[in-house]
Each structure stands twice: as C-alpha cells, then as structure tokens.
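The values are calculated or read from the model by the stated rules, or taken from the named source; none is laboratory data. Because the structure is predicted, anything quoted here is derived from the model rather than measured. No Cβ is skipped: glycine too gets one built from the backbone with ideal geometry, and neighbour counts run over all protein chains shown. Just so you know, the surface numbers come from the protein's heavy atoms only, side chains and all, with ligands and any DNA or RNA stripped out. Shrake-Rupley method; radii C 1.70, N 1.55, O 1.52, S 1.80 Å.
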Amino acid sequence: MTETHANSKKLFVKTYGCQMNVYDSACMSDALAPHGYETTLDMAQADLVLLNTCHIREKASEKVFSELGRLKELQGKRRAMGGDMLIGVAGCVAQAEGEEIARRAPVVDIVFGPQAYHKLPEMLARAEAQRHLHPALKTPIIDTDFPEEDKFEHLPAARKEITIKRGLTAFLTVQEGCDKFCSFCVVPYTRGVEVSRPVAQILAEARGLVDAGVKEITLLGQNVNAYHGLDATGRSISLGELAYLLAEIKGLERLRYTTSHPRDMDDALIAAHRDLDILMPYLHLPVQSGSDSILKTMNRRHTAAEYMAIIERIKAARSDMALSGDFIVGFPGETDADFEDTLRIIADVGYASAYSFKYSTRPGTPGANLGDQVPEDVKNERLWRLQDLVNAQTTAFHQSCVGKTMPVLIERPGRMQGQVGGRSPYLQAVHLDGLPDLIGAIHQVKIIGISTNSLVGWLKAAVAV
Ligand code: 5AD
Ligand code: SF4
C-alpha cells in the first residue's frame, strides 16, 4: 500500500537519453516517496519537476534549456494561482554544465549529477528554505561530486512497493561509469570511472523485483560486461558469473543486459549464453566503425577483425543470437573508403537492429581536438546509406521469424481492441489477438507476419477463447 501523507506533493520527472537514466529517474521517485512525493504524469500539476538529462550527443543540452523556458512559464502560472514549483536538473548535462545551468537558467533550484540523487531530500530541503528569496539572493544548490559512498545503499526499502507499478520488466543498474575513454564519448567524464555494485546488493534488488511481479530484468551499465562486483567472500565476479547466480532466482524468467564493449566479451559471458535459457539471445555490441584507422582514432582498442572474431564465438555458442550495434558516421578523418568498411562490417555481421548517429563534437573529449571534420552533407548521406542497409537487415531478420513459434512475454494490451502485445526473445515487439488475461506470462506464439517494426503473432488458445 502507498503510504499516505497529510500534504502529499506531486513530482514530475522527465527522462532524456539512455535506459540508465530511466532507472535513475525511478530511483529519484523512490528516494522522494518517503518524503511525501507522489509522481504525476501532468507537469503543470507538479510541485517539483526534475529533468533527468542526457549529454551523449549535441542538442541534448539545448533541449534542456528550451524545456526550462517552458517550465518558467508553468511555474509563473502556478505562482499566480497561489502554488509553486521547484525545478531540478539532474543527470549528465547537470554533471557537465552545472555552473552554466545555474547561471543561464536562474529558474533552476537544484542541479545534481548522476551520483547525487540519494541526496535529493536534503537538497530539496535547502531549496525550500530559500524558495521565497529573490532569485538574485539565492545560492545555487549544485552537487556534481563523485562521492566515495555508495548511492545505491541509500535506496529506500519502499522500492519493492513502488516497483509493482513498473510492471513485468525492470531495469537494474549493476555497473556505472566507464574507463574506456573512446575519444568521442563524454560518459567517462559525466558518469565517472567504472564502478560495480556488490553481488549481494544486486541479488537482493533482483529478488525484490521478482517478488513484486517482475519477470524480466535488464541489467544496466555503461559498460555492463566490464562488471566485476565483489561477492561475500571478496572474490571478483564477472557478468557471466552473475548471470548464473541470477538464473537461480525462482520466478525470474528472462535476463538481458546492455551496453557491452567488445573487449569485455569474455568466455564466461559467452558460456552463459550457451548454458542459460534465462539469458535472452540478444546482444547489443557496438562497434562504431568498420575501419581500423577510425577505430584507432576512436580509441576503441579493437580492430574490425577482432570484432568479427568475437561475433563468430558468440554465434558458435548461441546460433540464434540477434545482434545489435551502434554506429557513428562522419567521425573526423572518415574517408569514403573508411565508410565503405563500415558498410562491409554491417553486411558481414547481419544485424537484427542498430542505432546510428552523426558524429557530434563533445567538448572536453579528445575527439574535440581533432581536425579534418567531415562536412554535414557527407555525414547526412552516409547516415542515410547506413540506415537503409540496417533497415533492410532488420526487415530480413523479422521476416526470418515468420513461421516460427517462439516464447513471447505478453506485457500489455495491444494498440487495437482485442489485441495484446509483448516481446520476443530477440526483443522484437509482437502483437497478437488475445484477451488481457494473457498479460503477465510467457506464451508460445506462432509468428504469422510482420508489420512496421514489429511481428504479428498467433496464439491458438487466444483465438479459441
Ligand atoms: N557523436 C555521435 N554519437 C555518439 N555516441 C556517443 N558519443 C557520440 C558522439 N560524440 C553514440 C555511440 C554510442 C551511443 C550511445 O551514442 O554510438 O555507442
Ligand atoms: Fe563511451 Fe566508449 Fe565507454 Fe561506451 S565504452 S561509454 S562509447 S567511452
């Protein structure tokens, strides 16, 4: 049951960017629940609005500033009605541009990085204390430290109850930060060095989620397969070993993880894919480019051939593995020949899905000091060509599923009346005719067709009802 508070306040969290931010936003709501904050889906009704921001590519921070302009108006309206609205900026833009945000947008009450959300109640109390001061007299509340203490230790026990509202699938952060320092990437600067959560903490959180009805957990980390958390005996456990431990949790039916680095795809993890039914046959393994010289300037620390060798090992362990990747086009110095190498590696791997981006300079990264920028129109053209190829591969992958029967976790009502929707083991969306009582379990579904970005399924029992 939800704890009721005499003067409950409304919280609106807007999440930008990756799944890690989705998880962090959930933790922020959890951290504030014991302080009387209930989440609302209506920003205009909120007593507190938190923007959980992303800094991975250009424009992400500009979006935040334009949203702050809109919030200033909403705050004005609430004040005119006798109410108020506190505004906080969280996440990676906050981490990277804390002072700048406070200077450019005085409407913001608190600014805090990804390592500080457990301190939210205390920061809010400070913001409340000065909310009636003239903006010029307020001291900006900024927390962008990388503390020694473990923020995960501070998650309230109420998490289990809150999770119920999250449904059948949940994210669980096991690792944060990154030591790889790819030359285009801000993550090592905004999220800090690689840190892994202890095994016991993860198992306890996973058990809590399963008790609350979660059937599928996605383990998250910026570099999730570099996970090396300690067990009770002080031994370092790899992600593969962690998967075996999680597989023992009764009631947990599916396990996924993202995002991985090719260098950390070790034997234990590949073996786990061979041995564990619970570990879904889907792997997001970004390569970024197929050109060895670009990979070198990107500081990826692997070649295209090494990446292909890893893919072969994975396919040998689990032949039906669906592969996914990330690509950057137009990295400084990328020639037509380099780009052709990228198209070739995509053709060789055969992706089920992929994400692709035009390179954008991130201040503070080594990439920002490189000359030989690729013109925008060349980047655009390369992106279209790459996406055409990937789209054709995705369609081919969907098509190859037609006629097969596969387990689908039915998660929600479908878009149309009389339909339900879920996910295949390969993370494809599946829609089928069926009553809502199918929701919450894995059913064997025959794939009978494909529609835009999803599969159409058929379930004998569902039609008979
Ligand atoms: N420009 C373009 N894409 C980037 N990515 C990370 N940094 C940049 C950048 N500066 C992409 C990478 C990464 C994904 C999360 O975002 O492909 O894997
Ligand atoms: Fe960024 Fe590279 Fe680390 Fe991924 S591995 S988070 S791209 S630095």
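List of remarks:
- Counted residues, region 304-329 - those being within 16 Å of ligand 2 (Cβ to nearest atom) and either over 21 Å from residue 264 (Cα atoms) or not aromatic (Phe, Trp, Tyr) (or both): 7
- Among the residues making up region 345-369, those that are of a type in the set (A, V, I, L, M, F, W, C) and over 8 Å from residue 184 (Cα atoms) are 345, 346, 347, 349, 352, 354, 357.
- Cross-chain or 6+ apart pairs with Cβ under 6 Å, region 282-293 first and basic (Lys, Arg), then within 15 Å of ligand 1 (Cβ to nearest atom): none
- Counting only strands (runs of 3 or more DSSP E) wholly contained in region 407-465, the ones carrying 2 or more residues that are under 24 Å from residue 351 (Cα atoms) and open to solvent by 20 Å² or more (accessible area, probe 1.4 Å) occupy 442-451.
- Residues that are free of Cβ contacts under 8 Å to residues at least 40 places away in the same chain and either within 18 Å of residue 83 (Cα to Cα) or open to solvent by less than 10 Å² (accessible area, probe 1.4 Å) (or both), drawn from region 102-133: 107, 109, 110, 111, 112, 116, 123, 125, 129, 130, 132, 133
- For region 23-59, a residue qualifies if it is open to solvent by 10 Å² or more (accessible area, probe 1.4 Å), within 15 Å of the chain's Cα centre (by Cα) and farther than 30 Å from residue 368 by Cβ, and exactly one does: 26.
- Residue match in region 171-188 (condition: away from ligand 2 (no atom under 16 Å from the Cβ) and free of Cβ contacts under 8 Å to residues at least 40 places away in the same chain): no
- Residue in region 70-77 that is open to solvent by 10 Å² or more (accessible area, probe 1.4 Å), out of contact with any Pro (no Cβ under 6 Å at 6 or more places or on another chain) and within 30 Å of residue 188 (Cβ to Cβ) present: no
- Verdict on residue 90 being among the small types (Gly, Ala, Ser) and farther than 19 Å from residue 62 by Cβ: no
- Scanning region 349-381 for residues that are assigned to a loop (DSSP other than H, G, I, E, B) and closer than 24 Å to residue 454 by Cα, we see that the one that is farthest from ligand 2 (Cβ to nearest atom) is 350.
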